[in-house]
Each structure stands twice: as C-alpha cells, then as structure tokens.
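The values are calculated or read from the model by the stated rules, or taken from the named source; none is laboratory data. Please read these numbers as outputs of a predicted model, since none were measured by experiment. FYI the Cβ positions are ideal-geometry reconstructions off the backbone, even for glycines, and counts take in every protein chain you see.
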Amino acid sequence: MFNEDDLLPISALQHLAFCERQWGLMYLEHIWAENVLTAEGSQMHEKADSGETEVRGNLRIARTLRVRSLNLGLTGITDVVEFHRIDTNSTDSKSNSDNIGVTLEKIEGLWMPIPIEYKHGKPKAEYCDEVQLCAQAFCLEEMLDVKIPAGIIYYGKPNKRYDVLIDKKLRNSTKHLIEKLHKYNKIGKTPPPVYKKHCRSCSIFNICLPKAVSKNITAKKYIDNIISDAENSEDGRGK
C-alpha cells in the first residue's frame, strides 16, 4: 500500500511507455514545450475536461473523474467514464457476486463503468495509450470494487472510437510499467536518449536533442545527421 503523498500520475505511464527520456525530462526536470500536436490535443480535450455529467437513457457519462489506486501508487483524472446500465433480467446479471457492476447513489440498477481516453492523433504502434487506459481501469476497479473488462480510446485523426480489451496481457504489461515508473522515480535520474523515428513528433525534441546527446553517436555522425535533416527539409519544401 502506498501513502497519498507517494502516488504518481497515471499520465506519466503513457510518457514512459512512449519514451523513457521524455518521461524523465517532463516529470523529473519539469520540462515542457507546446507544439502543434499538443496544442490541438489540448483543444480536443476541452469538452472531456469540462467536469459535466450527462444522462442518455441507460447511459450516464461522467467527465474528469479523479481516481487513484493505493495498491499501485497511482492517481489521475479520467477524460470520460461511461456508466452503462446492466440488464438485470439476463442470466449473467442476476447476481453481482462476480463484481460485474456497481450501484450508483439514488439510482436503481447495476452499472458497468467504461473508461474512455481521448487522443488527438491516430492509433500508435506502441502500447503507450493502452497502458494509460488500463491504469485508469485499475483505479476504478479498486475504488468501486468492480471488474472492468474493456475500455475505449477515441482518436481525433480518424474521428473514431477503438475498443480496448483489458485482458491479462495488457494488465501484466501495465503492472510491469507501473513498477518501472516507481523504480525510475525513486532513482530520480533522467534516462539517456535513444533516437527513434517518432522523436520528430515529440514536443521537446529540440530540448532533448537525441541525436546530439546519445551515447552511441560520434561527432561526425551528429554533423552528418544535421546535414541530412537540412537536405530533407529543403527537398520537402521543393515539392
């Protein structure tokens, strides 16, 4: 069990999964920079972050719920949690012995919480968005004493919701990353850079300087990379 003062932000998991150095610069050194992608992402979150509650028949939508897990040492705010009414007439729903749903104050029936995470861009090859969603599910499960089988990630570029199965594989991967997050935070040292293709989309690319700072790069290689980037930029403008 963790103390309240030891809880780490769920959002840090997404950054750690995307890039360990990005996590260190942001959460240890408190470095942040806006770019077009982050600005557009903030704009897209405006409604999700409104804190409003909406009712649509058998669906209740709660925005910006504060969640935490003392078992895992996490805290954060969800974008959206949808509560879907469970059909209590079905055979599988007559008993709540398996924690299939929760009761809501002054509202009849059982309700299944489904966390929804909003992302500006498109689905990623990495699993960083999925672990953030899974961590939110962990917190809701602990707080509400319920089992959450799935969540949803909404991506702005395709303007589409994607169902995410919160299965054993994702749960194990997320728990492993949570352990790494606490370990790295305790060490308190920013990891070294590892230049990858997705570095260019990072808002703190020009602060991180992965090509210049990387241990495995020579001075000649660094200069070659700079020249290559400049030539590619010129070719792009020519087109």
Of the residues that make up region 159-168, is at least one crowded, with 16+ Cβ neighbours inside 10 Å and under 26 Å from residue 1 (Cβ atoms)? yes
Restricting region 49-72 to residues that are of a type in the set (Ser, Thr, Tyr) and under 18 Å from residue 119 (Cβ atoms), the one modelled with the highest pLDDT turns out to be 64
Flag for residue 174 being of a type in the set (S, T, N, Q), in contact with a Cys (Cβ under 9 Å, 6 or more places away or on another chain) and either assigned to a loop (DSSP other than H, G, I, E, B) or touching a residue at least 24 places away in the same chain (Cβ under 8 Å) (or both): yes
Residue 193 versus (1) out of contact with any helix residue (DSSP H, G or I) (no Cβ under 7 Å at 6 or more places or on another chain); (2) over 27 Å from residue 112 (Cα atoms); (3) part of a loop (DSSP other than H, G, I, E, B): which is the lone unmet condition? (1)
So the check is Cβ under 8 Å with 6+ separation or different chains; which pairs have a first residue in region 7-25 that's assigned to a loop (DSSP other than H, G, I, E, B) and a second one that's among the aromatic types (Phe, Trp, Tyr)? none
